[in-house]
């Protein structure tokens with residue numbers, strides 16, 4: 001194997017090893033008694049409010065489009081009454097958690113990486129260490145915890161918006177009672193639909209924050225490196241989201257929750 005073929009493998013192994021050490025360092029500091037609560041709350045509000053409008057609009061469009069596109073097919077087989085259940089299960093189990101996580105990867109992970117990367121290349125992080133502040137605990141731990149909390153909350157809100165948008169889509173062809181629609185939705189959803197989606201959204205949030213902070217802390221080569229880190233944060237976190245989703249589906253299948 002020549003040097004050009006070995007380089008991608010070396011880069012991948014280096015990145016994987018560095019990220020593993022970064023995650024290990026996070027868990028060493030995650031439950032420290034001197035937790036930066038003020039910074040954690042600030043990051044949670046910032047990440048939640050900053051992502052909510054885009055998540056809400058996307059969830060509404062997904063619920064509306066899926067309903068409008070699926071209705072003719074179900075009507076062809078005389079199963080139009082199954083539409084609320086189909087949309088609700090599809091949205092809650094798979095579509096909303098993954099799409100919401102990808103939105104957060106594009107918005108939050110890139111923003112964190114760019115912000116921390118700028119602090120890294122301008123030596124602000126080094127200055128924090130000199131002043132006696134633990135920059136990892138203050139900058140990374142609070143951000144990772146904030147995304148781990150906020151992504152599942154955004155998923156729950158997006159679920160509600162998508163289901164409401166589905167009801168709006170059904171009313172385009174004729175009036176449908178909200179009480180009837182709501183009853184059909186909740187009769188179709190089970191704990192095995194909601195719980196796995198919520199658990200994997202927690203992992204999605206952790207990945208978004210961890211990758212964003214990792215790429216920010218490892219930024220090099222000046223302003224050019226900041227842009228590269230932000231780009232890589234989106235790519236890596238999106239890839240890990242799909243891998244986690246694949247593993248979650250397999251585990252759910254093995255546990256008999258499908």
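Select from the range 24-50 the residues that are without any contact (Cβ under 8 Å) to a residue 60 or more places away in the chain, over 12 Å from residue 139 (Cα atoms) and either part of a loop (DSSP other than H, G, I, E, B) or over 22 Å from the mean Cα position of the chain (by Cα) (or both) and list them in ascending order.
Hits for the range 24-50 are 28, 31, 33.
Quick grid of which residues meet (1) exposed (fewer than 15 other Cβ atoms within 10 Å of the Cβ); (2) modelled with pLDDT of 90 or more; (3) in contact with a helix residue (DSSP H, G or I) (Cβ under 7 Å, 6 or more places away or on another chain):
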| site | (1), (2), (3) |
| --- | --- |
| 196 | no, yes, yes |
| 201 | no, yes, yes |
| 206 | no, yes, yes |
| 224 | yes, no, no |
| 243 | yes, yes, no |
| 252 | no, no, yes |
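Is it true that some residue in the range 164-173 is in contact (Cβ under 8 Å) with a residue 40 or more places away in the chain, under 22 Å from the mean Cα position of the chain (by Cα) and part of a helix (DSSP H, G or I)?
Checked the range 164-173: at least one residue is in contact (Cβ under 8 Å) with a residue 40 or more places away in the chain, under 22 Å from the mean Cα position of the chain (by Cα) and part of a helix (DSSP H, G or I).
Within the group 38, 34, 93, which residue is touching a helix residue (DSSP H, G or I) at 6+ places or on another chain (Cβ under 7 Å) and modelled with pLDDT under 95?
On the way: 38 fails: touching a helix residue (DSSP H, G or I) at 6+ places or on another chain (Cβ under 7 Å); 34 fails: touching a helix residue (DSSP H, G or I) at 6+ places or on another chain (Cβ under 7 Å).
The unique qualifying residue is 93.
Check the range 182-196 and report whether any residue there is out of contact with any strand residue (DSSP E or B) (no Cβ under 9 Å at 6 or more places or on another chain) and outside any helix (DSSP H, G or I).
There is at least one residue in the range 182-196 that is out of contact with any strand residue (DSSP E or B) (no Cβ under 9 Å at 6 or more places or on another chain) and outside any helix (DSSP H, G or I).
The values are calculated or read from the model by the stated rules, or taken from the named source; none is laboratory data. All values reported here derive from a predicted model rather than from experimental measurement. Don't worry about glycine lacking a Cβ; one is built from the backbone with ideal geometry, like all the others, and counts go over all protein chains shown.
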